[in-house]
Amino acid sequence: MGLRSFLHRITAPRPPMISVSEGVKLVCVVNQRLKMGKGKIAAQVGHASVGAFLEAGVTHPGYVEAWLGQGQKKICLKAEDETILMTLQEQALQHNIPTHLVRDAGHTQIPKGSTTVLALGPFEESELDTLTGHLKLL
């Protein structure tokens, strides 16, 4: 995204708030098969969170506004491998839940193009829990 696009996004009129009757959160699901170090995981979750926030600001602005107003709740979960991330992304898209998939640039610990983190949301907690409730906290 260019500087002009970014400035427009933060100065444009706010979309009307949607009626959210429950909490809104962002879920980051980390691919455990890659055996990333703590710092690498933190960086990848950061990429996923920022990417999800920016994309959802375009596709689901009401949820982003609700999420910002509620304190930006985020959780990180473990997934055994990339297959689980891809399945979750497919299910999320079927339910109109915003997603952002991070693939590594390959400059440090892991091979280029490795799928590291899937971000889901910001979206309603109950919907996200339906998809990810079986996963363990990171």
For strands (runs of 3 or more DSSP E) lying entirely in segment 50-125, having 3 or more residues that are modelled with pLDDT of 95 or more and either closer than 16 Å to residue 138 by Cβ or among the hydroxyl-bearing types (Ser, Thr, Tyr) (or both) picks out 74-79, 115-124
Residue check, residue 111 without any contact (Cβ under 8 Å) to a residue 60 or more places away in the chain and under 24 Å from residue 22 (Cα atoms) = no
Which condition number does residue 79 fail, the rest of (1) among the small types (Gly, Ala, Ser); (2) over 22 Å from residue 134 (Cβ atoms); (3) more than 12 Å from the chain's Cα centre (by Cα) being met?
-> (2)
Name the residues in segment 95-138 that are farther than 15 Å from residue 31 by Cα and aliphatic (A, V, I, L, M), would you?
-> 97, 105, 128, 131
Can you tell me which residue in segment 82-115 is farthest from the chain's Cα centre (by Cα), limited to those that are β-branched (Val, Ile, Thr) and over 24 Å from residue 39 (Cβ atoms)?
-> 83
Residue that is crowded, with 17+ Cβ neighbours inside 10 Å and either on the phi < 0 side of the Ramachandran plot or not basic (Lys, Arg) (or both), where the choices are 101, 68 = 101
The one condition in (1) farther than 13 Å from residue 29 by Cα; (2) in contact with a Leu (Cβ under 6 Å, 6 or more places away or on another chain); (3) in contact (Cβ under 8 Å) with a residue 60 or more places away in the chain that residue 51 fails to fulfil = (2)
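The values are calculated or read from the model by the stated rules, or taken from the named source; none is laboratory data. These figures come from a predicted structure and were not determined experimentally. Cβ atoms come from the backbone with ideal geometry, glycine included; neighbour counts cover every protein chain shown.
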